[in-house]
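Here the structure comes first, spelled out in structure tokens, and everything after it is commentary.
The values are calculated or read from the model by the stated rules, or taken from the named source; none is laboratory data. These numbers come from a predicted model, not from an experiment. For neighbour counting, all protein chains shown are included, and Cβ atoms are generated from backbone atoms with ideal geometry for every residue, glycine included. Quick note on the areas: whole protein, heavy atoms, side chains included, nothing else; ligands and nucleic acids left out. Shrake-Rupley method; radii C 1.70, N 1.55, O 1.52, S 1.80 Å.
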Amino acid sequence: MKVFKNDRSVDAAVVEFFTPQTSGLKKVEMGSAVMKAHTESGWGIHAGDEYSYIVSGEITCYAKTGEQQEVYMVKAGDAICTPAGQEHKSVNASDDDCVVIWIEVAK
């Protein structure tokens, strides 16, 4: 067993990987992220499906599918699934930090 703790005292955005990359047929990564108030991530694409759970706060998630862009408002208690290869980004327009736990699974 291994216990992972996240240092919430850091002023900048914090992303912590809970699991190392694994080899073989599947790659699994798990971690947490603290998205600071009034910040946004850049557009990103992952090789695996990404599952996220909002622990606290709220964010707006954008996803591109071809020429179309989808927008989702998510808050504490909501979960998100972003399919492998889908371009996406997150924006925290609120005055509070947003804490997310995520896992990515790829073949």
**Prompt:** Is the shape of the stretch 40-107 best called rounded, prolate or oblate, per the rule: a/c under 1.5 gives rounded, else a/b larger than b/c gives prolate, else oblate, with a ≥ b ≥ c the square roots of the Cα gyration tensor eigenvalues?
**Reply:** oblate
**Complete:** Ordered by number, the GluC sites (Glu not before Pro) in the stretch 27-107 that occupy a DSSP loop and have at most 12 other Cβ atoms within 10 Å are Glu67
**Item:** Under-5 Å amide H pairs with Asp49, H placed in peptide plane, nonlocal only
**Value:** Ala84, Val105
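Could you calculate the FRET efficiency of Val105 with Lys64 from 1/(1 + (r/R0)^6), where r is the beta carbon distance between them and R0 is 22 Å, rounded to 0.05?
The value I calculate is 0.55.
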**Item:** Val28 accessible area, assembled protein chains, probe 1.4 Å, Å²
**Value:** 50 Å²
**Request:** Can you sort Ile45, Ile80 by 1.4 Å-probe accessible area, starting with the largest?
**Result:** Ile45, Ile80
**Message:** Just to make sure I understand: if all protein chains stay in place, what is the order of Asp95, Asp78 by accessible area at 1.4 Å, largest first?
**Reply:** Asp95, Asp78
**Prompt:** Given a 1.4 Å probe and the protein chains all in place, what does the accessible area of Lys75 round to, in Å² to the nearest 10?
**Reply:** 110 Å²
**Request:** For Val55 and Val91, compute 0.36 nm times the residue count separating them, minus their Cα-Cα distance, and round to one decimal in nm.
**Result:** 11.4 nm
